[in-house]
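The values are calculated or read from the model by the stated rules, or taken from the named source; none is laboratory data. Source: prediction; values computed, not measured. Positions of Cβ are backbone-derived with ideal geometry, glycine not excepted, and every protein chain shown enters the neighbour counts.
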Amino acid sequence: MEASNRDPQLWRMAKSRAKFKSHLFTYLAVNSLLWIIWALTDRHTGGHGNRYFSTPWPLWSTAFWGFGVLMNGIGTYGGFGRSRQSEREYERLVRQRAEGSKA
């Protein structure tokens, strides 16, 4: 497809979704590696001296980075009705412009 035939809005959406998929893949790959490292090392001490209960250290990157990936996905795929809100706002602005040009 030639660049001149592209719908600019669809092109932005496609780039945003491709970027999100890349981010998700990176998140899954890196966190999988961190959990494997944790599983293969001495995870019972946890660095806190309590060998019976310790929080796995990869949990922090998985949880906080995962929250970021989740929010990115919601924003990318128009969660919480965001795309419909954008369409309504766009239509309102078009109406305002049309009314302003009539005056």
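For region 11-43, residues that are touching a residue at least 60 places away in the same chain (Cβ under 8 Å) and among the charged types (D, E, K, R) total 1. One residue stands out among those in region 48-80 that are over 24 Å from residue 26 (Cβ atoms) and surrounded by 10 or more Cβ atoms within 10 Å (Cβ to Cβ): the one that is modelled with the highest pLDDT, which is 54.
For region 6-36, filtering for residues that are among the acidic types (Asp, Glu) and at pLDDT 95 or above leaves 0.
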